[in-house]
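Have a look at the structure below, then the notes.
Read-outs: derived from the displayed coordinates by stated rules, not from any lab. Values in this document were obtained by computation on a predicted structure and should not be read as measured data. Virtual Cβ from ideal backbone geometry, glycine too; neighbours counted across all protein chains shown.
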Amino acid sequence: MTDDAIRNYPELAALVGDWPKFLQPILNAQTLSGKQIVVTGAGDGIGKALAKTLACLGANVILLGRTRSKLETVFDWINQHTNTDPVIVPCDLARLDGTTVATLVESIRSHYGGLHGLVHNASMLGPKVPIAHYPVEQWQAVMQTNVNAVFMLNQGLFELLDASYHSCVIHVSSTVGQQGRAYWGAYSASKFALEGLNQILADETETAGKIRVYSINPGGTRTAMRREAYPLEDPTTLPTPEQHMSLFVFLLAGSLLPGSIARELPTTGAQLDARNWQE
Ligand SMILES: NC(=O)c1ccc[n+]([C@@H]2O[C@H](COP(=O)([O-])OP(=O)(O)OC[C@H]3O[C@@H](n4cnc5c(N)ncnc54)[C@H](OP(=O)(O)O)[C@@H]3O)[C@@H](O)[C@H]2O)c1
């Protein structure tokens, strides 16, 4: 059974009926009520779909991204269709510094009092050129956005996540983070590093058992980044961002609300493919 907010999100509403049976009981506007979740890159693509989906389930979403106008559009939609308390955090992760992280931590602490989820979804593709010709400045910008900022946010927000009894960190990765491919340069290297961060954080938090950590590979998805990587591809042949939401909801709701879903979560640190996670 769906709720009003999901009905107002037709791209998602058309899909939830086919979500696995074990997710159906949590498809309501109260499931994630009182839970705060940071989504980076929340203004577009997969991050935008995720922010709206989580708000439909009652979460207060902290919308972090580069372009203020895009974040405002998502913020306005959430305010119009849900009873949640979103905030926008305009921030270029390529320039993230300790002061900005400290301000973010303090704002979350004072406004909400706690944090339960962190989804590292933002990333830069960078140029698709051979290593021999890869511009150093662009290499550094991609690594800064896709790896260093993830490390800094994980470090800065750790205390808040750890203070919540159950919390979850998700790293959005890529197929080229598992197998290097010619011309994918810094993007591919950054996703390998992201997989490393995922495994390290999972290993460090497993014994305490409070924070669950996952990596999701969405695979080719109908977004601006995919168009930039494959300009000649027919986008209608690709899944939409909404088609990946069931996996994000399973991992986040399952981690934040143990016992709410009648299916065991994957081991912390697992790497999941959004296209075939139910197989
Ligand atoms: N689409 C695919 O086929 C595919 C495949 C495998 C993995 N992925 C991964 O899925 C995730 C989401 O990608 P997507 O396809 O949804 O891409 P997208 O539509 O281009 O969205 C990426 C988002 O990240 C934000 N972002 C980029 N650089 C940023 C920075 N320096 N600081 C803050 N925000 C920044 C963008 O902000 P602006 O809109 O303001 O630029 C945008 O909102 C990425 O991690 C990507 O690597 C995607």
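What are the pairs with Cβ atoms under 8 angstrom where one residue, in region 253-274, is free of Cβ contacts under 8 Å to residues at least 12 places away in the same chain and the other, located anywhere, is part of a strand (DSSP E or B) and hydroxyl-bearing (Ser, Thr, Tyr)? Sequence gap at least six, or different chains.
Qualifying pairs under 8 Å: none.
Could you list all residues from region 55-77 that are within 15 Å of the ligand (Cβ to nearest atom) and either aliphatic (A, V, I, L, M) or in a loop (DSSP other than H, G, I, E, B) (or both)?
VAL61, ILE62, LEU63, LEU64, ARG66, THR67, LEU71, VAL74
When you scan region 240-272, how many residues do you find that are away from the ligand (no atom under 11 Å from the Cβ), outside any helix (DSSP H, G or I) and not aliphatic (A, V, I, L, M)?
Residues meeting the conditions: 10.
Among the listed residues ALA94, ALA13, identify the single one that is out of contact with any Asp or Glu (no Cβ under 8 Å at 6 or more places or on another chain), away from the ligand (no atom under 16 Å from the Cβ), more than 19 Å from CYS168 (Cβ to Cβ) and among the small types (Gly, Ala, Ser).
Matching residue, one of ALA94, ALA13: ALA13.
Give me a count of the residues in region 1-54 that are in a loop (DSSP other than H, G, I, E, B) and in contact with a strand residue (DSSP E or B) (Cβ under 9 Å, 6 or more places away or on another chain).
8
Go through region 208-239 residue by residue and tally those that are near the ligand (Cβ under 10 Å from one of its atoms), within 20 Å of TYR183 (Cα to Cα) and without any contact (Cβ under 8 Å) to a residue 24 or more places away in the chain.
Of the residues in that region, 5 qualify.
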